[in-house]
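Asker: I have a structure I would like to understand better, so I am pasting it below and will then ask my questions one at a time.
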Amino acid sequence: MSFTRLEADDFVVSTDAVSSTLFSNDAPSLTTAFTSSAQQAGSSGDFYLNVYNSAATSSVQFAIAYGNSAGSGSAVYNAAVDGKSPTSTVYGQWQDLVIGDENTNFTFGAITSSEFFAMTFERARYKDSLFLGSLSLTLSGSSGSITLTDNSNYVTSVQFTEAGRVFQLITGSFGTKATITARNTTDGYSANSGSYGWLLPDIGAVVLNPLALADFAVSGGIGLKYSGSAFSGSATYTSTTNANSSLFRAISGSIVAAGTTNDFYINSQESITSDFIFVRPRSSTYNYSENPSFISGSTGEVLYSDFINNPQTYIITIGLYNDTNQLLAVAKLSRPLPKDFTTEALIRIKLDF
């Protein structure tokens, strides 16, 4: 067996960013949405609500959670300790995760909010990150509807937090701002309440600003109640389940038949690193074979003289070995490659990981 040591210039490393669908079955959008009454009634239901793609053989697509710094929207853990409830726990967790400071509230655009809704995608679905400009999320309610996307196409400098990159949510779809109306400004924000939330692509999450959603008159049950030119006060939720369900209804109510613009669209993205290894059998190498059929079993001599003076082999497999001759990888050629003293070859091997 012959070996050739690979040199540094035989290796090239390449990285490509590849986008793909996020939802189950390689679907480009979520066209149906369901929740589980068992999960909702269980111990986790006080903190988040899982959303599935079907009622039968379903899998989790994302989870919904409601956070409130004052603990509003859910029953307190202990009646003697005011403000400590599942919603305050969720808010504090997200402060640590995203902002890195439990004393700093979320700021959407220029508006600080003591509450939010969060949508977190199942980890394996978004791979490395969410694909910027692919979001089109429609929320609907009794008072109207709104479609949101991220502003990644309109920023010159990217904002970073403890959770990585942050982009503001604006009115529009697939990374493009919607037409300016009395309810949204030139930057796509709510006219009175800042941006509609954050897209956190590196942790696969969407954070929604209830103030802006109520300002757009989506539904009185989604966030603060908006009346005339002033906010009338925080919406009252009897439990976290009711709060999470209100957002679920806003999402599921907008989803209609596949292929329409009201479906929930978002893609994932991952970086695929490839090692390219260039193997170069020179004219003087790899022209002989150790195949037993070349040699006489009784005398050990080469059976045919042509194998001595004019040998010809066919390269079909390349093995990559370490310094202790352990086989690490095998590359199979699509067809046998003829090799003799008059030919040389350049074979490129690609390893993806």
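Asker: Taking only the stretch 59-71 into account, find how many residues are free of Cβ contacts under 8 Å to residues at least 40 places away in the same chain and open to solvent by 40 Å² or more (accessible area, probe 1.4 Å).
Answerer: Looking only at that region, the number is 0.
Asker: Taking Ala214 and the conditions (1) modelled with pLDDT of 90 or more; (2) crowded, with 20+ Cβ neighbours inside 10 Å; (3) more than 20 Å from Thr89 (Cα to Cα), which numbered condition does it fall short on, given that it satisfies the others?
Answerer: (1)
Asker: Within the set of pairs 6+ apart or on separate chains, which have a first residue in the stretch 118-141 that is farther than 12 Å from Leu199 by Cβ, a second that is of a type in the set (D, E, K, R) and in a helix (DSSP H, G or I), and C-beta atoms under 9 Å apart?
Answerer: Asp128/Asp202; Ser140/Arg249; Gly141/Arg249
Asker: A further question on this structure: Tell me, which residue of the stretch 5-50 that is within 20 Å of the chain's Cα centre (by Cα) and acidic (Asp, Glu) is modelled with the highest pLDDT?
Answerer: Per the stated criteria, the residue is Asp26.
Asker: Looking only at the stretch 307-323, how many residues end up being open to solvent by less than 100 Å² (accessible area, probe 1.4 Å) and more than 20 Å from Leu346 (Cα to Cα)?
Answerer: Start the filter on the stretch 307-323 by keeping residues that are open to solvent by less than 100 Å² (accessible area, probe 1.4 Å), which leaves 307-308, 311-313, 315-322.
If we keep only those that are more than 20 Å from Leu346 (Cα to Cα) as well, we get 307-308, 322.
Total meeting the criteria: 3.
Asker: Condition test on Leu22, is it open to solvent by 40 Å² or more (accessible area, probe 1.4 Å) and touching a residue at least 40 places away in the same chain (Cβ under 8 Å)?
Answerer: Judged against the criteria, Leu22 is not a match.
Asker: With (1) assigned to a strand (DSSP E or B); (2) surrounded by fewer than 16 Cβ atoms within 10 Å (Cβ to Cβ); (3) of a type outside the set (D, E, K, R) as the list, and Leu6 as the residue in question, which single condition is left unmet?
Answerer: Here Leu6 clears every test but (1).
Asker: Would a scan of the stretch 283-293 turn up a residue that is open to solvent by 50 Å² or more (accessible area, probe 1.4 Å) and either closer than 30 Å to Gly204 by Cβ or assigned to a strand (DSSP E or B) (or both)? Spell out how you get there, then give the answer.
Answerer: The first filter runs over the stretch 283-293 and keeps only residues open to solvent by 50 Å² or more (accessible area, probe 1.4 Å), leaving 284, 286, 288, 290-293.
Filter again for either closer than 30 Å to Gly204 by Cβ or assigned to a strand (DSSP E or B) (or both), leaving none.
No - not one qualifying residue is present in the stretch 283-293.
Asker: Would you point out the residue of the stretch 294-306, among those that are surrounded by fewer than 10 Cβ atoms within 10 Å (Cβ to Cβ) and polar (S, T, N, Q), that is nearest to the chain's Cα centre (by Cα)?
Answerer: Applying the filter and picking the extreme gives Ser305.
Asker: Failed condition for Ile180, given (1) in contact (Cβ under 8 Å) with a residue 40 or more places away in the chain; (2) of a type in the set (A, V, I, L, M); (3) more than 25 Å from Gly253 (Cβ to Cβ), with all others met?
Answerer: Against the list (1) in contact (Cβ under 8 Å) with a residue 40 or more places away in the chain; (2) of a type in the set (A, V, I, L, M); (3) more than 25 Å from Gly253 (Cβ to Cβ), Ile180 comes up short only on (1).
Asker: Right, here's the next one. Which condition number in (1) under 30 Å from Gln326 (Cα atoms); (2) of a type in the set (Gly, Ala, Ser); (3) touching a residue at least 12 places away in the same chain (Cβ under 8 Å); (4) open to solvent by 40 Å² or more (accessible area, probe 1.4 Å) is the one that Ser14 fails?
Answerer: The number of the failed condition is (4).
Asker: Now, a different point. Answer yes or no as to whether Pro338 is of a type outside the set (Ser, Thr, Tyr) and farther than 29 Å from Val13 by Cβ.
Answerer: Yes; evaluated as a whole, the condition is true for this residue.
Asker: Would you mind stating whether Tyr304 is in contact with a strand residue (DSSP E or B) (Cβ under 9 Å, 6 or more places away or on another chain), part of a loop (DSSP other than H, G, I, E, B) and of a type in the set (Phe, Trp, Tyr)?
Answerer: no
Asker: Output the residue which, of all residues in the stretch 175-204 that are outside any strand (DSSP E or B) and among the polar types (S, T, N, Q), is surrounded by the most Cβ atoms within 10 Å (Cβ to Cβ).
Answerer: Ser195
Asker: Tell me whether the stretch 229-239 contains one or more residues that are over 26 Å from Ile99 (Cα atoms), open to solvent by 10 Å² or more (accessible area, probe 1.4 Å) and at pLDDT 90 or above.
Answerer: Within the stretch 229-239, none of the residues are over 26 Å from Ile99 (Cα atoms), open to solvent by 10 Å² or more (accessible area, probe 1.4 Å) and at pLDDT 90 or above.
Asker: While we're looking at this one, here's another question. Give all pairs with beta carbons closer than 7 Å in which a residue from the stretch 260-279 that is more than 18 Å from Phe121 (Cβ to Cβ) meets a residue that is part of a loop (DSSP other than H, G, I, E, B) and among the β-branched types (Val, Ile, Thr); count only pairs at least 6 apart in sequence or on separate chains.
Answerer: Qualifying pairs under 7 Å: Asn262/Ile255; Asn262/Val256.
Asker: For the stretch 331-350, which positions are without any contact (Cβ under 8 Å) to a residue 60 or more places away in the chain and part of a strand (DSSP E or B)?
Answerer: From the stretch 331-350, those without any contact (Cβ under 8 Å) to a residue 60 or more places away in the chain are 331-342; that's our starting set.
Ala331, Lys332, Leu333, Ser334, Arg335, Pro336, Leu337, Pro338, Lys339 - these are the residues of the stretch 331-350 that are without any contact (Cβ under 8 Å) to a residue 60 or more places away in the chain and part of a strand (DSSP E or B).
The values are calculated or read from the model by the stated rules, or taken from the named source; none is laboratory data. Here the structure is a predicted model, which is why all the values come from computation and not from measurement. Every residue, glycine among them, receives a Cβ derived from its backbone with ideal geometry; neighbour counts consider all protein chains shown. Heads up: the accessible areas ignore ligands, DNA and RNA and are worked out on the full protein's heavy atoms, side chains in. Shrake-Rupley method; radii C 1.70, N 1.55, O 1.52, S 1.80 Å.
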